[in-house]
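Asks: Once you've had a glance at the structure underneath, I'll fire off some questions.
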Amino acid sequence: MNADLAWVKSSYSSADGGNCLEWAPSVARATDAVPVRDSKDTSIHGIVVSGPAWSAFVGSLKARG
């Protein structure tokens, strides 16, 4: 995955790193494919999920509160 992407860290990330992820919204808007990577170790290649899969994932997290 391109390291030059504009990555956005999850709002659940803590100042000490925590267990979170980053995603690239500009790619998601342009392609309906969402790049996702580990925010603690950005040198590891991430994954790309479909827009509907990402929406389902985020929706399930919001439902948990």
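Asks: Work out, step by step, the length gained on full extension between residue 55 and residue 38: first 0.36 nm times the residue separation, then minus their alpha carbon distance; give nm to one decimal.
Replies: So the extension gain works out to 4.3 nm.
Asks: For residue 6, project a label point 7 Å along Cα to C-beta. Then give me every residue of segment 25-62 with its amide nitrogen under 17 Å of that point.
Replies: Hits in segment 25-62 for residue 6 at 17 Å: 25-36.
Asks: Would you work out the relative contact order for segment 23-65, in percent, from Cα pairs under 8 angstrom that are 6 or more residues apart?
Replies: About 29 percent, as a whole number.
Asks: Rounded, prolate or oblate for segment 19-65? Axes are the square roots of the Cα gyration tensor eigenvalues, ordered a ≥ b ≥ c, and the cut-off for rounded is a/c under 1.5.
Replies: In terms of gyration-tensor shape, oblate.
Asks: Can you work out ³J(HN,Hα) from phi for every residue in segment 39-53, in order, using Karplus 6.51 cos²θ - 1.76 cosθ + 1.60 and θ = phi - 60°, giving whole Hz and x for Gly and Pro?
Replies: Values per residue, Gly and Pro as x: 6, 7, 9, 6, 7, 7, 4, x, 10, 10, 10, 6, x, x, 5 Hz.
Values quoted throughout were computed directly from the atomic coordinates according to the rules given, and no laboratory measurement underlies them. Since this is a predicted model, take the numbers as computed values, not measurements. Please note: Cβ atoms are built from the backbone with ideal geometry, for glycine as well, and neighbour counts cover all protein chains shown.
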